[in-house]
Amino acid sequence: MLLTTAPDEDSSGGTYKWHDVRFIGALAGRYALPERRHSPDEKIPVYACRLCSISTRMLVAVGPVVGKEGELVSSHFNEFGMLRGRITRRLASGFVTDLQLSDQDREKLGAKIDWHKRHVHAQVPDKREFRRFQPRDPRSTIVMADGQSIPCFIIDVSRSGAAISAHCWPELGTPMALGRVVGRVVRHLDVGFALQFIQLQEIEDLETLIKPPAA
């Protein structure tokens, strides 16, 4: 579903301002909470996220770690670049960010949003052995060998494995379960890690199997 309003001509009569242009749809990105760094040498964790909606004033995204209201968040989406702002509202698995932009940068963002909505991107065939997809609900839980449960965000998943972002960075070879599917960590990513399932899963069962186990 896409919503927008037409740009308004400014008082000079020559340029257009994108006041309320908006995109509603899922786009992959990443984010960090820079105010949680305690020293200049400390590395800021970067997490994967999924954009839900964006306008020139605010964005809504879901991710594995929800910041506090008023906390600074830096988000990056290939389609819109780096966006910074303060969290104004916490969601069950995400947050609403009030974007901190100059008038000029707000105009640029509005133009990018409009461009993204107007252009249909060619679908590039996925040549990997098993097609990956984004689950409808990216929220889940990983269960470690010692029984510890950690909330996580599923970047994408296939019959053979999943890419995961969470507030932990397990070593290669670490066994764990994503929902009810058991696997091992086989690769580290910029925003998380890749989990290879012990057994191939049926594609029609995956969305149910990777949900958090019932309490």
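The values are calculated or read from the model by the stated rules, or taken from the named source; none is laboratory data. If you're wondering where the values come from, they're calculated on a predicted model, not measured in any experiment. When we count neighbours, we look across all protein chains shown, and the Cβ atoms used for this are built from the backbone with ideal geometry, even at glycine.
Which of the residues belonging to segment 138-163 are surrounded by fewer than 15 Cβ atoms within 10 Å (Cβ to Cβ) and either aliphatic (A, V, I, L, M) or not assigned by TED's automatic domain parsing to the domain that holds residue 184 (or both)? Break it down stepwise before answering.
Restricting attention to segment 138-163, the residues satisfying the condition of being surrounded by fewer than 15 Cβ atoms within 10 Å (Cβ to Cβ) are 144-149.
Hits for segment 138-163 are 144, 145.
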Can you work out which of the residues in segment 155-182 that are over 13 Å from residue 197 (Cβ atoms) and of a type in the set (A, V, I, L, M, F, W, C) is farthest from the chain's Cα centre (by Cα)?
-> 172
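Among the candidates 195, 206, which residue alone is of a type in the set (A, V, I, L, M, F, W, C), more than 27 Å from residue 44 (Cα to Cα) and buried (at least 16 other Cβ atoms within 10 Å of the Cβ)?
Checking each option against the conditions leaves just 206.
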Which of (1) of a type in the set (Gly, Ala, Ser); (2) farther than 18 Å from residue 23 by Cα; (3) in contact (Cβ under 8 Å) with a residue 40 or more places away in the chain is the odd one out, the single condition residue 111 does not satisfy?
-> (2)
